[in-house]
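Asker: This is the structure I want to talk about, given as structure tokens.
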Amino acid sequence: MKRLLTGLFCAVVFIGIASFLPTGFEWLWAAIFLLALTEGLTVAGLSGIERIYFLFSGFFLLYTAEAVFVNAEIRYLVIIGAILIALNKNDLFPALERLSLGFFLLMYFSLMSCGSELYYRLGAAKFIWLFSFLWCYDIFAFYFGCSFGRHKICPRISPKKSWEGFIAGLSGTFIVEFAVASHFFGTGVFTVSVLAIIASVIGHTGDIFESAWKRRANLKDSSSILPGHGGVWDRIDGAILVLPAFLFVMQYFEI
């Protein structure tokens, strides 16, 4: 019940702000990004000053992601800052290892900038519809997997994930989303199929990836900020990898 109530509350807030407060959505998305990045850096074992540095860099990166990849001066400043932090540590090389993890997580979470791009390109209604692919998959996979899951996908990393849950998630997502698309958007069966496969396969991959990080740190959840769900990263682990794929699909299919 706690999981259900938390999920409903988060969905209502997310849909409400995305639908009626475009400027508020920008701040909400930034808050989700920073909270998830904080959890990721904590799971990776970074120290306080290291987390602050990457959070500051991350806030900048969320809205200027392209510049960081093409602008040598910006890359130089970010790297110099990390080196200075490492040199202030007594354990130089372990510090550099942690900072390398920080850089990877920064690039990984910066993929969330694709969510902002989708929101402003498609508008609130279609953006929420795309996000609902992830919600549908999670709901069907979780409840069907808990009830009927027997064959595990990655038992060493995520022992609760099953092939039965995955198949139910993919099938249920396609059925629900095709009904919604046919009624409201006129999107064809092939496009819905592609989107459902992306949400299921890539979303599941993102979930397994996050589970591996938590397993490394001997943690069940990335945090306890969301009762019944764990942390923010636990809720958006699939979206981080799926949203860029959706953005890519937009170039070839009409959504």
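The values are calculated or read from the model by the stated rules, or taken from the named source; none is laboratory data. Nothing here was measured: the structure is a model prediction, and the numbers come from that model. Virtual Cβ from ideal backbone geometry, glycine too; neighbours counted across all protein chains shown. All accessible areas refer to the heavy atoms of the entire protein, side chains included, with ligands and DNA or RNA removed. Shrake-Rupley method; radii C 1.70, N 1.55, O 1.52, S 1.80 Å.
Asker: Would you check which residues across the stretch 209-229 are out of contact with any helix residue (DSSP H, G or I) (no Cβ under 9 Å at 6 or more places or on another chain) and of a type outside the set (Ser, Thr, Tyr) and list them?
Answerer: Ala212, Arg215, Asn218
Asker: Under 24 Å from Met250 (Cβ atoms), touching a residue at least 24 places away in the same chain (Cβ under 8 Å), crowded, with 21+ Cβ neighbours inside 10 Å and among the small types (Gly, Ala, Ser): which single residue out of Ala168, Ala199 fits that description?
Answerer: Step by step, each of Ala168, Ala199 is checked, and only Ala199 is under 24 Å from Met250 (Cβ atoms), touching a residue at least 24 places away in the same chain (Cβ under 8 Å), crowded, with 21+ Cβ neighbours inside 10 Å and among the small types (Gly, Ala, Ser).
Asker: Could you please find all residues in the stretch 48-77 being of a type in the set (Gly, Ala, Ser), modelled with pLDDT of 65 or more and surrounded by 14 or more Cβ atoms within 10 Å (Cβ to Cβ)?
Answerer: If the condition is that a residue be of a type in the set (Gly, Ala, Ser), modelled with pLDDT of 65 or more and surrounded by 14 or more Cβ atoms within 10 Å (Cβ to Cβ), then Ser57, Gly58 are the ones that fit.
Asker: For the stretch 1-39, name all the residues that are of a type outside the set (A, V, I, L, M, F, W, C) and over 23 Å from Phe142 (Cα atoms).
Answerer: Listed by number, the residues that qualify are Gly16, Ser19, Pro22, Thr23, Gly24, Glu26, Thr38.
Asker: So Tyr137 passes all but one of these: (1) open to solvent by 20 Å² or more (accessible area, probe 1.4 Å); (2) among the hydroxyl-bearing types (Ser, Thr, Tyr); (3) within 27 Å of Gly172 (Cα to Cα). Which condition number does it fail?
Answerer: The single condition Tyr137 does not satisfy is (1).
Each row is one residue, and each column tells you yes or no for (1) in contact with a Ser or Thr (Cβ under 8 Å, 6 or more places away or on another chain); (2) surrounded by 17 or more Cβ atoms within 10 Å (Cβ to Cβ); (3) over 18 Å from Ala239 (Cα atoms); (4) not hydrophobic (A, V, I, L, M, F, W, C).
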residue	(1), (2), (3), (4)
His151	yes, no, yes, yes
Pro155	no, no, yes, yes
Trp163	no, no, yes, no
Ala179	no, no, yes, no
Thr187	no, yes, yes, yes
Phe190	no, no, yes, no
Ser193	no, no, no, yes
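Asker: Any residue in the stretch 4-22 that's within 18 Å of Gly231 (Cα to Cα): show its pairings with residues that are open to solvent by 80 Å² or more (accessible area, probe 1.4 Å) and at pLDDT below 90 at Cβ separation under 7 Å, as long as the two are six or more apart or on different chains.
Answerer: Nothing qualifies.
Asker: With respect to the numbered conditions (1) in contact (Cβ under 8 Å) with a residue 24 or more places away in the chain; (2) crowded, with 18+ Cβ neighbours inside 10 Å, which one is the sole condition not fulfilled by Ile225?
Answerer: Against the list (1) in contact (Cβ under 8 Å) with a residue 24 or more places away in the chain; (2) crowded, with 18+ Cβ neighbours inside 10 Å, Ile225 comes up short only on (2).
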